[in-house]
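The values are calculated or read from the model by the stated rules, or taken from the named source; none is laboratory data. Quantities reported herein were computed from a predicted structural model and do not represent experimental measurements. Cβ sites come from the backbone with ideal geometry, for glycine too, and all protein chains shown count toward neighbours.
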Amino acid sequence: MTSCFECQGGLLVPAKVSLTGTRYGEHFTVKLQGFRCEACGFETVDSEQSSELTKLISDAYRTSHGLLTGKEIRARRARLGMNQQEFSLYLGTGSASVKRWELGQVQDKAMDELVRLKTDPEAARANLKTLERQIPEQFVVSEGREVTLVFTSAEHGQYVHPHAIIVEKLAVYQDDLTIPDSCVAA
Ligand SMILES: [Zn+2]
């Protein structure tokens, strides 16, 4: 049993403690398993518990800013059946990022948005609806059938367009609506 660093006299005993930490200049108070001094009431955590404290403070920050917590990111990854490495590749982030977020590092808003779009069908659908409202109808690609469009150009020879699709009977490119005369649907 350790004696209290505050009053030097009391004993620190295991207890549920309430501690305040700071993340990006904001203060958050969280409850976790730690130690309380029997004499003066001083509350603290040991080095093992302090990583849990860091995680909880990060999660409190994330919750208050509408970001996914570490646990939520982990749960979404698990739902896709991916390990951290696979999930990183899927998101296109560095391989260490997912690990750090799950351990408590706060992801930025853009990455949070990307995680939602790539793990939540409802968020992806809502995004698609927004896109369809923003983009003229002939550019809507969601209903289309994917096709291979092959055409020849003097410059490139025979060329397969990578993003061609069929929307009803109109062949379109996601990046270019002009269809060269030499273009044939295969
Ligand atoms: Zn004390």
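A few points about this structure:
- Selection within the range 67-91 - among the small types (Gly, Ala, Ser) and without any contact (Cβ under 8 Å) to a residue 12 or more places away in the chain: ALA75, ALA78, GLY81, SER88
- Matching residues, the range 93-112, being touching a residue at least 40 places away in the same chain (Cβ under 8 Å), buried (at least 16 other Cβ atoms within 10 Å of the Cβ) and within 11 Å of the chain's Cα centre (by Cα): VAL106, GLN107, ASP112
- Count - residues of the range 11-28 that are out of contact with any Gly (no Cβ under 8 Å at 6 or more places or on another chain) and in a strand (DSSP E or B): 9
- Sole residue being touching a His at 6+ places or on another chain (Cβ under 9 Å) and among the aliphatic types (A, V, I, L, M), chosen from VAL106, VAL115, VAL98: VAL106
- Where GLN8 falls short, out of the listed (1) of a type outside the set (A, V, I, L, M); (2) buried (at least 18 other Cβ atoms within 10 Å of the Cβ); (3) outside any strand (DSSP E or B): (2)
- The numbered conditions (1) of a type outside the set (Val, Ile, Thr); (2) within 16 Å of the ligand (Cβ to nearest atom); (3) touching a residue at least 24 places away in the same chain (Cβ under 8 Å); (4) surrounded by 17 or more Cβ atoms within 10 Å (Cβ to Cβ) are all true for GLY34 except (3).
- In the range 37-52, the residues that are within 16 Å of the ligand (Cβ to nearest atom) and either more than 14 Å from LEU12 (Cβ to Cβ) or outside any loop (DSSP other than H, G, I, E, B) (or both): CYS37, GLU43, THR44
- LYS55 being in a helix (DSSP H, G or I), basic (Lys, Arg), crowded, with 18+ Cβ neighbours inside 10 Å and at pLDDT below 95: yes
- Filtered residues of the range 11-31 (kept if surrounded by 16 or more Cβ atoms within 10 Å (Cβ to Cβ) and within 16 Å of the ligand (Cβ to nearest atom)): LEU12, VAL17, LEU19
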